[in-house]
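Here's the structure we're looking at; comments come further down.
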Amino acid sequence: MKNRIVLIVLFCLLISPSFAKDGYKLWLDYQSIENPNLAEEAEKLFEGIYFFGKNSTYEVIQKELELASKGFLNQNPEFKKLNQNARLWIGTRSELSQYLGLDHQAKIKALGEEGYWRGPLNQEGESLYAIIGNTPKGVLYGVFDFLRSIQTGTFDSNSEKSDSPKIKLRMLNHWDNLDRTVERGYAGFSIWDWHRLPGYIDPRYIDYARANASLGINAVSLTNVNANAWVLREDFIEKVKVLADLFRPYGIQVFLTARFSAPMEMGNLETADPLDTEVKKFWKERVDLIYKEIPDFGGFLVKANSEGQPGPHEYGRNHAEGANMLAEALAPHGGIVIWRAFVYSHEIDEDRHKQANLEFEPLDGKFMDNVIIQVKNGAIDFQPREPFHPLFGAVEETNLGMEFQITQEYLGQATQLVYLSPMWEEILQSKTYRPSPNSTVAEIIDGSATDKELTLMAGVSNIGTDRNWTGHLFGQANWYAFGKLAWDPYQNSAEIAEEWINLTFGQNPETQRKISTIMLQSHEAAVNYMTPLGLHHLMGRSHHYGPGPWVEGGRADWTSVYYHRADSEGIGFDRTESGSNALGQYASEIAYNWSDPNQIPEKFLLWFHHLPWDFKLRSGRTLWDEIGLHYDLGVKTAREMKQQWDSLHGLVDEEQFSHTSQLLAIQVQEAEWWRNACLLYFQTFSNRPFPDDIEKPTGDLEYYKSLRFPFAPGIKPNW
Ligand code: GCW
């Protein structure tokens, strides 16, 4: 009997899936190749790899090929000499020049510093496969793309591919504090273990660098923009140096956030005035010290005069004077200043929407060449949907970079599946009409419309110590999509999703189709159940988790009530000429069209207009009814997403299945919570019945109002 039990237990262990996926490997989970022809082709290549040179980047490529070969083929790769039947050639254009015709060389050269070419090469009748860049970094990107093509089953040894990034700096911004809490982070603590650095190297640092390099992310800012001056101290620089040394072979440059008042906090000066000689000297010395340790240090990311952060305004100086002072210290080393345009003060004397343009437009032409202004995608703050920021197109002589938020501060945090790529794509494809009539945000960001060379796309990271890195498994898709769009801002969200699904869940067509449907409708669903028709900032105060449209707060501050302006007559923020005229900051084509509530895209309606509850929309229904319908649709889509996912039981890994299924159940509840709270609250103004064809909101408004989340992750408890 006892033996039988042992046998049964053993049998169960054998048949249970022994490779449960906990998400740690991200999209670099090199699974064994199913297609026998592809396996055979891959085997030939992995059995004869030749590197045309030696350097630290080739060493990391070698390690990646080892991992991949073990995963794909369950065997070690073989690194050969050139004359020993090497079939996979890896090197730079100049290393391989004697094997490449002039045309071929010219073609590769045109791909620039980070581009690559991969494809078949014929050498004396032998057919080989080569991965070539102009620099080892380009080679690295080519190798990752080659491995991805094997993973997705699309590799073809007879066809060639070349690619190069369209944006110079493709960067993650960590809002990580030195005590390892992460502002607006929902995936555990900071992965930077400052306490044990510089002595201890967490293997995560390497896996982090691999993941970024595989997407072409080439820069990271390690620390919160609400900055702590301590990171500029010698002992911290020693820790930062370790990370910079680890990331360098992966082509990743390190940046830090600089606290503007550091000269006072660390240098014992009485001022941080950017025009003061001692202050300038302080920064120059600090910068020189950093470059001694980290010769390729990227520079500083700065949040100044915003939300209580110190800045040049305290001394009667403007953003250009502040930024240029730092830029001067960095310029001799090739460093840059990334200065944020997210500025607003706590006094409400202007529509916050207008503040960045008011402060930055007059400074056009005054910033040094090594300064770039990093602009959030919209003028308020990473809302579920915003129109593009009016600074894009408003200045001609200033370098402008994009800041997207990957971490889902306003988009369901770590409980909701919201694929953000369609939202980013919508922004990037927006027509700005400036500098030329056909310009888009993407063309400003990549410099093609402005002839700028210093270009940037930054994403506020969603990474933490959670085993799967991002808290929600589908948060990985947002990290992935960000990297892809930063490389090429013209890519299509559906294709990016397809690729990520393929890498994460495998190649079963049914699985792929269902997951793609879920992902592609998830953003619109969230907009519908949170802030439809241009409503914004209805989230609970400070934690931004869940609905709080009623929050008035005790002090003169920015509240939900300020943004939605609901009253017995109607709802919405008048930003036309009769209101704040924030619309006037856009190109005249936009200002003209959007001033008319019958012309403006309805998704932005209440962003720019205060309208009566009975205003007729294009559907012929009233505004009140349409608001109800949108919330209702949001909830229904969330339920469909959950059903669709649950039908994948048995088709995806059990751990991935249960993780996502549980979170989708929470998401459905949260969608209902949003719908109930917002509709019940707005009804107290509209005094109208809900439309017949929607599911009526349930629950008690007072109860929803009483909910408090003092310990929501990502914020300091607000006592
Ligand atoms: O979205 C808001 C966040 C703050 C953040 C700020 C910013 C880092 O609520 O937590 O601070 O934006 O972007 O500076």
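The values are calculated or read from the model by the stated rules, or taken from the named source; none is laboratory data. In this text the structure is predicted, and so the values were computed from the model without any measurement. Ideal geometry is used to build each Cβ from the backbone, glycine not excepted, and the neighbour counts take in all protein chains shown. All accessible areas refer to the heavy atoms of the entire protein, side chains included, with ligands and DNA or RNA removed. Shrake-Rupley method; radii C 1.70, N 1.55, O 1.52, S 1.80 Å.
So for each of 186-193, 510-517 I average, over its residues, the number of other beta carbons within 10 Å; can you give me the resulting order with the highest mean first?
Highest-to-lowest ranking by the protection proxy: 186-193, 510-517.
Just by accessible area at a 1.4 angstrom probe, what is the order of 484, 80, 292 from largest to smallest?
Correct descending sequence by accessible area is 292, 80, 484.
For an R0 of 30 angstrom, estimate the FRET efficiency from the Cβ-Cβ distance between residue 598 and residue 350 and round to the nearest 0.05.
That gives a FRET efficiency of 0.60.
Could you run the Karplus curve 6.51 cos²θ - 1.76 cosθ + 1.60 with θ = phi - 60° over the stretch 416-425 and give me ³J(HN,Hα) per residue in whole Hz, x for Gly and Pro?
Going residue by residue, I get 10, 8, 9, 7, 7, 4, x, 5, 5, 4 Hz, with x marking Gly and Pro.
Name the residues whose placed amide hydrogens come within less than 5 Å of the amide hydrogen of residue 294, ignoring near sequence neighbours (fewer than 5 apart) on the same chain.
none
Just the accessible area per residue of the chain, please: how many Å² with a 1.4 Å probe?
With the other protein chains kept in place, the chain gives 40 Å² per residue.
For the stretch 169-492, evaluate the Debye formula with one uniform point scatterer on each Cα (no solvent term) and list log10 I(q)/I(0) at q = 0.06 Å⁻¹, rounded to two decimals.
Scattering profile of the stretch 169-492, log10 relative to I(0): -0.18.
Below 8 Å, C-alpha to C-alpha, sequence gap of six or more: please give me the relative contact order for the stretch 205-339 in percent.
That works out to 24 percent.
Quickly rank 29-38, 433-442 as a protection proxy: mean count of other C-beta atoms within 10 Å, highest first.
433-442, 29-38
Compute the length gained on full extension between residue 665 and residue 54: take 0.36 nm times their separation in residues and subtract their Cα-Cα distance, giving the result in nm to one decimal.
Answer, rounded to one decimal: 214.8 nm.
Please list, short to long, the whole-number percent of alpha-carbon pairs of the stretch 100-183 in consecutive 5 angstrom bins beginning at zero.
The percentages, shortest bin first, are 3, 13, 19, 20, 14, 10, 7, 6, 4, 3, 2, 1, 0.
Which pairs break 29 Å Cα to Cα here: 63/284; 54/292; 21/303; 603/696?
63/284; 21/303, as the Cα separations exceed 29 Å there.
Tell me the GluC sites (Glu not before Pro) within the stretch 250-338 that lie in a loop according to DSSP and have at most 11 other beta-carbon atoms within 10 Å.
270
For the stretch 585-671, run through the trypsin sites (Lys or Arg not before Pro) and keep only the ones in DSSP coil with at most 10 other Cβ atoms within 10 Å of their Cβ.
Those satisfying the criteria are 618.
With the Cα gyration tensor of the stretch 634-700 giving a ≥ b ≥ c as the square roots of its eigenvalues, does the rule (a/c under 1.5 for rounded; else a/b larger than b/c for prolate; else oblate) give rounded, prolate or oblate?
Note, shape of the stretch 634-700 comes out prolate.
Taking H as built 1.01 Å from N, whose amide H comes closer than 5 Å to the amide H of residue 403, not counting residues under 5 places away?
Long-range HN contacts for residue 403: 375, 376, 377, 458.
Need one number: nm distance between label points at residue 106 and residue 619, each 7 Å from Cα along Cα→Cβ, rounded to one decimal.
5.8
If you take the beta carbon distance between residue 658 and residue 193 as r and set R0 to 30 Å, what does 1/(1 + (r/R0)^6) give as a FRET efficiency, to the nearest 0.05?
Once the sixth-power term is evaluated, E becomes 0.50.
Between residue 454 and residue 698, how high is the FRET efficiency from 1/(1 + (r/R0)^6) when r is the Cβ-Cβ distance and R₀ = 56 Å? Nearest 0.05.
With R0 = 56 Å, the Cβ-Cβ based efficiency is 0.60.
Give me the distance in nm between label points sitting 7 Å out from Cα along the Cα-to-Cβ direction at residue 277 and residue 24, one decimal.
Using points 7 Å along Cα→Cβ, the separation is 5.8 nm.
Stick to the Cα atoms of the stretch 20-163, pair each with every other, and give me the Kirkwood hydrodynamic radius in Å at one decimal.
One over the average 1/r among Cα pairs gives 15.3 Å for the stretch 20-163.
I'd like the carbon and sulfur percentage of the solvent accessible area for the chain, probe radius 1.4 Å, heavy atoms only, ligands and nucleic acids excluded.
49
Can you give the relative contact order of the chain as a percent, counting alpha carbon pairs under 8 Å and 6+ residues apart?
Relative contact order, the chain: 11 percent.
Please list, in order along the stretch 25-32, the HN-Hα scalar couplings obtained from phi with the Karplus expression 6.51 cos²θ - 1.76 cosθ + 1.60 (θ = phi - 60°), rounded to whole Hz, x for Gly and Pro.
With the stated coefficients, the stretch 25-32 comes to 6, 6, 8, 10, 8, 6, 7, 5 Hz.
Label-point separation (nm) for residue 567 and residue 202, each offset 7 Å from Cα along Cα-to-Cβ?
Each label point is offset 7 Å from its Cα along the Cβ direction, giving 5.2 nm.
Helix-only mean residue ellipticity at 222 nm, the chain, DSSP H runs n ≥ 4 weighted -39,500 (n - 2.57), per residue, nearest 500. What is it?
The helix-only estimate for the chain comes to -12000 deg cm²/dmol at 222 nm.
Could you tell me the center-to-center distance, by alpha carbons, between the stretch 243-291 and the stretch 646-672 in angstrom?
46
Pairs of Cα atoms under 8 Å, at least six residues apart: use those to get the relative contact order of the stretch 570-719, whole percent.
18
Output wanted: per-residue J couplings in Hz (rounded whole) for the stretch 633-641, from phi through Karplus 6.51 cos²θ - 1.76 cosθ + 1.60, θ = phi - 60°, x for Gly and Pro.
5, x, 5, 5, 5, 4, 5, 4, 4
So if I take the alpha carbon set of the chain, get Rg, then get Rh from the Kirkwood formula, what is the Rg over Rh ratio?
So for the chain, dividing Rg by the Kirkwood Rh gives 0.98.
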